[in-house]
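In what follows, a single structure is set out as structure tokens and then discussed.
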Amino acid sequence: MTSHFRSIAEAGTERVRRLLDLTDHMAAVGRRPNPKVPALRGKTVCNLFFEDSTRTRMSFDLAAKRLSADTMTLAVSSSSVNKGESLRDTIETLDAMGVDAFVVRHRTSGVPWQVANWSPAAVVNAGDGWHAHPTQALLDAYTIRQRRGLTNDFTGLKIAIVGDIRHSRVARSTTEILLMLGAEVIHVAPRTLLPPTSHVPTTADLDEVIDEVDVLYMLRMQRERMGAGIVPDGGEYSRRFALDERRASALRGDALLMHPGPINRGVEMMVDPTELSQSTILDQVTNGIAARMAVLFDLLGSGEIEE
Ligand code: NCD
């Protein structure tokens, strides 16, 4: 049976821990003068992004190249999808060219599971609708582990995820992995931006928690997923939930400030995070390559990473 990487829950604790260790190894490869290894020579990775993306798409592409795989990227905006080709026909056509792994991003939840029904290739979920974004979760957990000098036990860490939890596949997957590793997670959002049911504590008062958290994880306001009227106009949201100067100075010196990007400056972020020593935002981007190398190697590699 082909194995996939489609959600944190599906991967399970043991695999997640193995992937974090493998990410650590790939991060070390990335720091070498020549950051490329021959591990996936002869394998073909196909990136299928049906939704906008900068960092995730580039990061998967570079990860595959650093493992010496061949890569193909379908630019959906200039493909036959616009001539009415169905997703199934697209997958079967690409599959006939000899693809070993599909990396799929789609606005509809569940598409990575459908793709696996139509092709024997491994499927990696690069974000499906509101549902899951498991490689983001992996890179987030790895970034915390790296900055905090931890192994895979996050017991005692308190992490607040702030903002548009309801529409966020990042919040869902990252919460899942953090709980799996033993961290305490709290969701901070106005009621309209929380999911109908929640299995972690919630609050609408950011100021109540900001000075006690080990990690402050800010989310982007996902207006493209909202109907009108879910949140009041920008100003009111920002006043209560954005990171401004006052809140930035309430953050502990050893806390971490995270964001998956893209940042909406002036909405959830009123300060320049690059000026804050707590910010890990660019580490997250760098670690994203290592995390995706780990996932691709875990699915397609056989044996050794090096020659
Ligand atoms: C996220 C996504 O697309 O789910 N971005 C990302 O992958 N870096 C978060 C977002 O778009 O807000």
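The values are calculated or read from the model by the stated rules, or taken from the named source; none is laboratory data. Note that the structure is predicted; figures quoted are calculated from it, not measured. Heads up, the Cβs are rebuilt from the backbone with ideal geometry, glycines too, and the neighbour counts pull from every protein chain shown. The area values use the complete protein model at the heavy-atom level, side chains included, leaving out ligands, DNA and RNA. Shrake-Rupley method; radii C 1.70, N 1.55, O 1.52, S 1.80 Å.
Within the set Leu219, Leu257, Leu243, the sole residue that is within 16 Å of the ligand (Cβ to nearest atom), of a type outside the set (S, T, N, Q), crowded, with 18+ Cβ neighbours inside 10 Å and more than 17 Å from the chain's Cα centre (by Cα) turns out to be Leu243.
Please tell me if Met72 is farther than 23 Å from Gly12 by Cα, assigned to a loop (DSSP other than H, G, I, E, B) and either within 16 Å of the ligand (Cβ to nearest atom) or open to solvent by 10 Å² or more (accessible area, probe 1.4 Å) (or both). Spelling it out, it is not the case that Met72 is farther than 23 Å from Gly12 by Cα, assigned to a loop (DSSP other than H, G, I, E, B) and either within 16 Å of the ligand (Cβ to nearest atom) or open to solvent by 10 Å² or more (accessible area, probe 1.4 Å) (or both).
Among the residues of the range 28-47, those identified as closer than 13 Å to Leu62 by Cβ and not in a loop (DSSP other than H, G, I, E, B) are Val29, Gly30, Val45, Asn47.
Just one of (1) β-branched (Val, Ile, Thr); (2) surrounded by fewer than 19 Cβ atoms within 10 Å (Cβ to Cβ); (3) closer than 16 Å to Thr135 by Cβ fails for Val271. It is (3). Of all positions in the range 17-28, at least one carries a residue that is at pLDDT 95 or above, among the basic types (Lys, Arg) and under 23 Å from the mean Cα position of the chain (by Cα). Taken over the range 134-163, the criterion of being in contact with a helix residue (DSSP H, G or I) (Cβ under 9 Å, 6 or more places away or on another chain) and without any contact (Cβ under 8 Å) to a residue 60 or more places away in the chain is satisfied by Leu150, Thr151, Phe154, Leu157, Lys158, Ile159, Ala160, Ile161. Applying the criterion of being under 21 Å from Gly261 (Cα atoms) and of a type in the set (Ser, Thr, Tyr) to the residues of the range 36-54, the residue that is most open to solvent (accessible area, probe 1.4 Å) is Thr54.
Across the range 113-132, the qualifying residues are those that are of a type in the set (S, T, N, Q) and surrounded by fewer than 19 Cβ atoms within 10 Å (Cβ to Cβ), and the one among them that is nearest to the chain's Cα centre (by Cα) is Gln114. Could you check the range 92-110 and list, in sequence order, the residues that are crowded, with 17+ Cβ neighbours inside 10 Å and either over 24 Å from the mean Cα position of the chain (by Cα) or without any contact (Cβ under 8 Å) to a residue 40 or more places away in the chain (or both)? Result: Leu94, single match. Consider the range 50-67 and keep the residues that are more than 10 Å from the ligand (Cβ to nearest atom) and outside any helix (DSSP H, G or I). The one that is nearest to the chain's Cα centre (by Cα) is Phe50. Can you pull out every residue in the range 1-35 that is open to solvent by 80 Å² or more (accessible area, probe 1.4 Å), within 20 Å of Gln146 (Cα to Cα) and free of Cβ contacts under 8 Å to residues at least 60 places away in the same chain? Selection gives Glu14, Arg31, Arg32. Do we find a residue being away from the ligand (no atom under 13 Å from the Cβ), part of a helix (DSSP H, G or I) and under 16 Å from the mean Cα position of the chain (by Cα) anywhere in the range 147-166? No.
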